[in-house]
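What follows is one structure encoded as structure tokens, with my remarks underneath.
The values are calculated or read from the model by the stated rules, or taken from the named source; none is laboratory data. From a predicted model like this one, the values you see are computed outputs, not experimental measurements. Cβ sites come from the backbone with ideal geometry, for glycine too, and all protein chains shown count toward neighbours. For the accessible areas, the whole protein counts, side chains as well, though only heavy atoms, and no ligand, DNA or RNA atoms are used. Shrake-Rupley method; radii C 1.70, N 1.55, O 1.52, S 1.80 Å.
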Amino acid sequence: MGQGAGRALCLSLFDYKTEKYVIAKNKKVGILYRALQLSIMAYIVGWVFVVKKGYQDVDTSIQSSVITKLKGVAFTNTSELGERLWDVADYVIPPQGESVFFVMTNLIVTPNQRQDTCAESPGIPDALCYQNSDCPAGEVVISGNGVKTGRCLKIGGQISGTCEILAWCPVEKKGKPRKLLLANAENFTIYIKNSIRFPKFKFSKTNVLDTEDNTYLKTCRYGPEHPYCPIFLLGNLVRWAGSNFQEMASEGGVIGIQIEWDCDLDKAASECNPHYSFSRLDNKFAEKSISSGYNFRFAKYYKDAADVDFRTLIKAYGIRFDVMVNGKAGKFNIIPTVINVGSGLALMGAGAFFCDLVLLYLIKKSNFYRGKKYEEVRSSTRKPLPETTLNGNQRDDSLSSMDQLRQLQNTET
């Protein structure tokens, strides 16, 4: 018995089992099934393969290098600096050109500072005093310019004064600039050279248009007529970011330049070109905020004839530009193609499963269709008839029950 069961089990491993299909003549479910099929096909072909290019292998690990160069000059005439011509060495920081750079458009100058003792600025709360004990020697002025010397300096017969400090004197002038200094800066030009590489496909390119015209870069400016020109006007960049150049240049701000590469390497390399977008990154809506704008300080040092150190302190206002590069490249590959086709076939099966649920449980005749689809089989619990008759003769299975009963009666007689 055990050997027979084992042999039957082994033979069953080579059996092929197929499903039983039931054709349901129901127009509503049939229309639903075809609609689901068309929707899934449209999704697979239209969205997955046409829009998302699901047949391609994609590389998003873009390697990028950005080099920037500015050009433009401006002339100013102020009481602090006199007549002065400004070029790129004066207003561009850092001068070597990087993906983040600053263009100075306004400034406050405090000239001829030297290390000495002087009164702290009255606008510093920690510097206010009434007597010398309010200015302990050696204490740093919080948010101030130097170290207290122990003296409280008063002007005339005033009750209060400010602490004397050891610092670069005279201290920096407070307040915001009233007039835009480098108003002509909106006509300056920025040359942005971006080199990218997709390591998976060993593909490299730059954003400079491949042309034989040697005068192209000298005459083109980025715009609708030259969408692939890498030279931009400062005023246009600020305007495209949704701001006014004169207002922004007065107190400073931050502009983001986004370079997006979306390359289909199944096409020619000339079809892989950058797309630019511009946005303002600082809080332009907080006009009354004390933290609005963008500025920082730097100094230029020199010595006089007596070998004493002097400096000119500059509080620079301007526009910081952040060049950000993103991108991806795609190329045909059989593996993602097979995976997406398999996913589409699985969705087809899910559509059939959904229609089965509707047919078997959600319509009026669901019991009828359920009875046709599922066949219930029960094993018999009755004992089988003996293989032989009472007199030991073999029973003929081909005879009916009445014939077997007549034979049995004849035998007893």
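Data table
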read-out	value
Mean Cα-pair separation over length for the chain, i.e. relative contact order, pairs under 8 Å, 6 or more apart, %	19
Which of Ser292, Ser270 is most accessible, then next, and so on - probe 1.4 Å	Ser270, Ser292
Karplus-derived 3J(HN,Hα), 6.51/-1.76/1.60, for each residue of the range 210-220, Hz, glycine and proline x	7, 9, 8, 7, 6, 9, 4, 5, 7, 10, 7
For Phe75, solvent-accessible area (1.4 Å; no DNA, RNA or ligand), Å²	130
Cα gyration tensor shape of the range 234-330, rounded if a/c is under 1.5, else prolate or oblate by comparing a/b with b/c	oblate
Kyte-Doolittle mean at least -0.5 and Cα axial length at least 20 Å: DSSP H helices in the chain	27-42, 334-357
The range 307-352 pair-distance distribution - Cα-Cα, 10 Å bins, rounded %	16, 17, 15, 12, 10, 10, 9, 7, 3, 0
Accessible solvent surface per residue of the chain, calculated while the other protein chains remain in place, 1.4 angstrom probe, Å²	66
Choice from Ala42, Ala74, Ala249 with maximal GNM fluctuation in the chain (Cα, 10 Å cutoff)	Ala42
Fluctuation leader among Asp266, Asp309, Asp90 - the chain, Gaussian network, Cα springs under 10 angstrom	Asp309
Translational diffusion coefficient (Stokes-Einstein; Kirkwood radius from C-alpha pairs) of the range 34-166 at 37 °C, 0.692 mPa s, in µm²/s	151
Charge dipole magnitude, Cβ of K and R +1, D and E -1 - the range 41-97, Cα centre, debye nearest 20	320
Size of charge dipole - the range 108-247 - debye, nearest 20, with Cβ of Lys, Arg +1 and Asp, Glu -1, no other charges	380
Range of Cα positions in the range 194-272 per principal axis (Å), largest first	47, 31, 17
Exposure of Lys52 as accessible area (Å², to 10), given a probe of 1.4 Å and all protein chains	120
Heavy atoms of Thr219 accessible to a 1.4 Å probe, total area in Å² rounded to 10	100
Of Ser250, Tyr302, Pro336, farthest towards positive along the dipole that unit charges on Lys, Arg, Asp, Glu beta carbons give the range 201-346	Tyr302
Within the accessible area of the chain (1.4 Å probe), percent carbon and sulfur	56
Taking all pairs of distinct alpha-carbon atoms in the chain, Kirkwood radius in angstrom	31.2
Per the chain, cysteines lacking a partner by the 4.7 Å Cβ criterion	Cys10, Cys355
Accessible area, probe 1.4 Å, largest first, for residues Ile93, Ile108, Ile159, Ile165	Ile159, Ile93, Ile108, Ile165
Rounded D (µm²/s) - the range 80-136, Kirkwood Rh over Cα pairs, Stokes-Einstein at 10 °C, 1.306 mPa s	101
Three-way shape label, the range 1-71, alpha-carbon gyration tensor, a/c 1.5	oblate
Exposure ranking of Val208, Val100, Val140 by accessible area [1.4 Å probe, largest first]	Val140, Val100, Val208
Among Thr211, Pro224, Val238 the positive-end extreme of the charge dipole of the range 206-262 (Cβ point charges)	Val238
